[in-house]
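The values are calculated or read from the model by the stated rules, or taken from the named source; none is laboratory data. Because the structure is a prediction, the values reported are computed rather than measured. Cβ placement follows ideal geometry from the backbone for every residue including glycine, while neighbour counts extend to all protein chains displayed.
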Amino acid sequence: MPDLLIELFSEEIPARMQGKAREDLKKLVTDSLVEAGLTYASAGALSTPRRLCLTIDGLTAQSLPVREERKGPKTDAPEKAIEGFLRSTGLSLDQLEIRDEKKGQVYFAVVEKPGRAAAEIIAEVLEATIRNFPWPKSMRWGTGSLRWVRPLHSILCILTDEGGAEIVPLEVDGITASNTTHGHRFMAPARFAVSSFEDYSLKLKSAHVVLDSAERESAIWSDASNMAFARGLELVEDKALLAEVAGLVEWPVVLLGDIAPEFLELPPEVLQTSMKEHQKFFSVRNPKNGRIEGFVTVANRETADHGATILKGNLKVLSARLSDAKFFWENDLRIVKNAGLEGMGEGLANVTFHNKLGSQADRIARIAALSEALAPALGADVELAVQAAKVAKADLRSAMVGEFPELQGVMGGYYARALGLPSEVAQACKGHYSPLGPSDEVPVEPVSVAVALADKIDTLTGFWAIDEKPTGSKDPFALRRAALGVIRLVLTNNLRLSLTEMFEKSNPQADATDLLNFFHDRLKVFLKDQNIRHDVIDAVLGMQGNDDLTLVVKRAQALDAVLKTEDGANLIQGYKRASNILSQAEEKDGVEYSFGADLKFAETEEERALFAALDQAEAAILPALKAEDFAAAMSAMAGLRAPTDAFFTAVQVNAESEIVRRNRLNLLSKIRQICLSVADLAQIEG
């Protein structure tokens, strides 16, 4: 079985597009080959800034012949129907077979397709893939019609087996497939021939090209970390930047430089953001004082002076960038020291938050009022919470945040500290946006939590009030993220809050019930990662206090734990059996069996045992629920499993005696009643 090697060589592919392009190339080609009748053992896609590569091992040499039978119209069908069938099969009338069926004679087409050579199929598949490749953006060049992310220069396409390598005959828009490629643009630009993937990757390495992006990432991180360590420093981790830089170079050469002394007092976040956004530099930190004192840049070539000229040029550009950052920093500090943070934020009255929700200043006033309402329940100082809410967004008017929007909040914290404001206020300025994502750190300082909750609840109730809700995959105002942020703030800090009350205090025009349902959906998604099933959540959401997320989760965790036990899992079946029998009897009799079970009408030991077990469970469950000891309540409920099973095994509910029948139905009603006091077990699947 031959192996296939494809390389599409072009001008530089944007780093952000390379990962998806690898996967798209692999899927499009392999799916099409399989559809055409070929099979393969394994496939892998790789990339550098100038090439996409696909290697497929164990490809079948040709497709199998196919014999296909298609039933056509009856022989006496209208002429146009017969002509249409002939066109669809590509056969003539004399090539059709006539077969007898119950309703008369029918035409059949027998189409035999011979097996095709792999090279022929590959050529068709690869041309279609290239012409229809799903780049986010593509371009045309020259006079041809082909579109590619950047001008496509060459196509390498070979099949290799024991007999050697065969070039797959293919031409796309004047580009003819070959067995040759280029090495590094500057260090080894000459073309060279290859005979297999192993030969290709080894020769590329000799030509200063590291084909695997993961290998480039590893080399960059290892070299940069070692260089920093040798200087007593440490590299600041940034996985996204590492992936991006690995997509910018074919032969990574790591260089370590020092930041000029005049910039060392800038906040670390400012240095990191400026170097990352403008220069794609990694930050190097002094672990002793937390300052950013150096940077790592990754060149795409080796030089005779070991990168000295490259570093000199980078330092010149970096100094210009950091000079701007220093100016913003000093100018912002001057403003806040003269006018305070509230003075800096005065211009927010002229900044629209949303045309139906007013300005940013209006929003700040709402957040301050809600922070005041929330603070006592969180154990936060009310005055500090209000003060923090009033200044938390002031840095939106700062020059630094204007240049680097991702530093909003961070800069507010620095400016608050520079003014000597309480540390709780400075922390809230920085932390009130958090958590921004599922892995972001959650604030735990009470003032920060109060402002963070108020910020997110105001956003949600505001957009709910103007009926701007997420629909399908569209969520332009990131409301799902805001709801998840509230959930994580509440659960991480073990807060006991009525969300409904908070919604009504925040914005009475918002539909609190609908918004609470939205939160319940987000909660299910959040708890799925903790292996708590949706049906378990549904079983506790119908209980009183379902707007207290901490209470809901405690119930769900206790129920989930019980359902993982044998008694808990089997009790579900007993409960559902009791509920089904009751429902059928109530519908038939037109009455509700909800009370009146009397021990004196019990005829069997199993009935009497179930009476006793229900009384015992009820006596344990009610105080446990009141004390919110849900584990004890669930355990007492699970204890009903054995007597319930025994009852159904030995007792016929629909007894001949109407008195006994009603008594037994009321006994089943007590099972339902006790279980429903703990959770709605009808929601549990299975």
**Prompt:** Can you pull out the residues in region 358-391 that are surrounded by fewer than 20 Cβ atoms within 10 Å (Cβ to Cβ) and not in a helix (DSSP H, G or I)?
**Reply:** Gly358, Ser359, Gly379, Asp381
**Request:** Would you check which residues across region 466-514 are among the hydrophobic types (A, V, I, L, M, F, W, C), farther than 22 Å from Val449 by Cα and without any contact (Cβ under 8 Å) to a residue 60 or more places away in the chain and list them?
**Result:** Ala510
**Residue satisfying all of: in region 86-126; under 49 Å from the mean Cα position of the chain (by Cα) and without any contact (Cβ under 8 Å) to a residue 40 or more places away in the chain; nearest to Leu64 (Cα to Cα) among these** = Glu120
**Request:** Could you tell me which of the residues Glu628, Glu656, Glu618 is under 19 Å from Leu681 (Cα atoms) and not in a helix (DSSP H, G or I)?
**Result:** Glu628
**Request:** Quickly run through region 1-27 and pick out the residues that are touching a helix residue (DSSP H, G or I) at 6+ places or on another chain (Cβ under 6 Å) and either over 23 Å from Ala123 (Cα atoms) or modelled with pLDDT under 95 (or both).
**Result:** Ala15
**Asked** Hey, does region 78-85 have a residue that's surrounded by 13 or more Cβ atoms within 10 Å (Cβ to Cβ), touching a helix residue (DSSP H, G or I) at 6+ places or on another chain (Cβ under 8 Å) and among the aliphatic types (A, V, I, L, M)?
**Response** yes
**Prompt:** Can you name the residue in region 512-546 that is over 26 Å from the mean Cα position of the chain (by Cα) and not small (Gly, Ala, Ser) and is also nearest to Asn493 (Cα to Cα) among such residues?
**Reply:** Asn546
**Request:** Could you tell me which of the residues Asp467, Asp440 is closer than 24 Å to Leu516 by Cα, touching a Ser or Thr at 6+ places or on another chain (Cβ under 9 Å) and either surrounded by 24 or more Cβ atoms within 10 Å (Cβ to Cβ) or not β-branched (Val, Ile, Thr) (or both)?
**Result:** Asp440
**Any hit, region 601-620, residues being among the aromatic types (Phe, Trp, Tyr), in contact with a helix residue (DSSP H, G or I) (Cβ under 9 Å, 6 or more places away or on another chain) and within 21 Å of Val552 (Cα to Cα)** = no
**Prompt:** Just one of Phe630, Phe611, Phe595 is among the aromatic types (Phe, Trp, Tyr), modelled with pLDDT of 90 or more and in the same structural domain as Arg661 (by TED's automatic domain parsing); which is it?
**Reply:** Phe611
**Prompt:** Is it true that some residue in region 199-213 is modelled with pLDDT of 95 or more and within 23 Å of Ile121 (Cβ to Cβ)?
**Reply:** yes
**Item:** Residue match in region 622-631 (condition: within 28 Å of Asn654 (Cβ to Cβ) and without any contact (Cβ under 8 Å) to a residue 24 or more places away in the chain)
**Value:** no
**Asked** Looking at Val425, Val442, which one is in contact (Cβ under 8 Å) with a residue 12 or more places away in the chain, more than 28 Å from the chain's Cα centre (by Cα) and closer than 26 Å to Leu491 by Cα?
**Response** Val425
**Fill in**
Looking across region 120-159 at residues that are part of a strand (DSSP E or B) and of a type in the set (A, V, I, L, M, F, W, C), the single one that is farthest from Ser178 (Cα to Cα) is Met139
**Request:** Please identify the pairs in which a residue from region 67-85 that is closer than 23 Å to Pro114 by Cβ has its Cβ atom under 9 Å from the Cβ atom of a residue that is modelled with pLDDT under 90 and among the polar types (S, T, N, Q), counting only partners at least 6 apart or on another chain.
**Result:** Arg70/Ser88; Arg70/Thr89; Gly72/Ser88; Gly72/Thr89
**Request:** Scan (1) hydrophobic (A, V, I, L, M, F, W, C); (2) within 30 Å of Ala299 (Cα to Cα); (3) surrounded by 20 or more Cβ atoms within 10 Å (Cβ to Cβ); (4) in contact (Cβ under 8 Å) with a residue 60 or more places away in the chain for the single condition Ala45 breaks and write down its number.
**Result:** (4)
**Asked** If you check Glu445 against the conditions, is it among the acidic types (Asp, Glu) and either crowded, with 21+ Cβ neighbours inside 10 Å or modelled with pLDDT of 95 or more (or both)?
**Response** yes
**Complete:** Taking region 561-607 and keeping residues of a type in the set (Gly, Ala, Ser) and either assigned to a helix (DSSP H, G or I) or under 17 Å from Gln652 (Cβ atoms) (or both) leaves Ala561, Gly568, Ala569, Gly574, Ala578, Ser579, Ser583, Ala585, Ala597, Ala602
**Prompt:** Is one or more of the residues making up region 10-17 within 27 Å of the chain's Cα centre (by Cα), in a loop (DSSP other than H, G, I, E, B) and surrounded by 15 or more Cβ atoms within 10 Å (Cβ to Cβ)?
**Reply:** yes
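Rundown of residues vs (1) surrounded by fewer than 18 Cβ atoms within 10 Å (Cβ to Cβ); (2) farther than 26 Å from Arg363 by Cβ; (3) out of contact with any Ser or Thr (no Cβ under 6 Å at 6 or more places or on another chain), yes/no style:
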| site | (1), (2), (3) |
| --- | --- |
| Lys505 | yes, no, yes |
| Asp511 | yes, no, yes |
| Ile532 | no, yes, yes |
| Val536 | no, yes, yes |
| Ala539 | no, yes, yes |
| Gln544 | yes, yes, yes |
| Leu549 | no, no, yes |
**Message:** Looking only at region 44-74, filter to residues that are at pLDDT below 90 and not in a strand (DSSP E or B); which one of those is farthest from the chain's Cα centre (by Cα)?
**Reply:** Pro65
**Asked** Does region 503-511 contain at least one residue that is more than 22 Å from the chain's Cα centre (by Cα) and aromatic (Phe, Trp, Tyr)?
**Response** yes
**Item:** Elements of type helices (runs of 4 or more DSSP H) in region 199-288, at least 3 residues being surrounded by fewer than 19 Cβ atoms within 10 Å (Cβ to Cβ)
**Value:** 213-230, 239-246
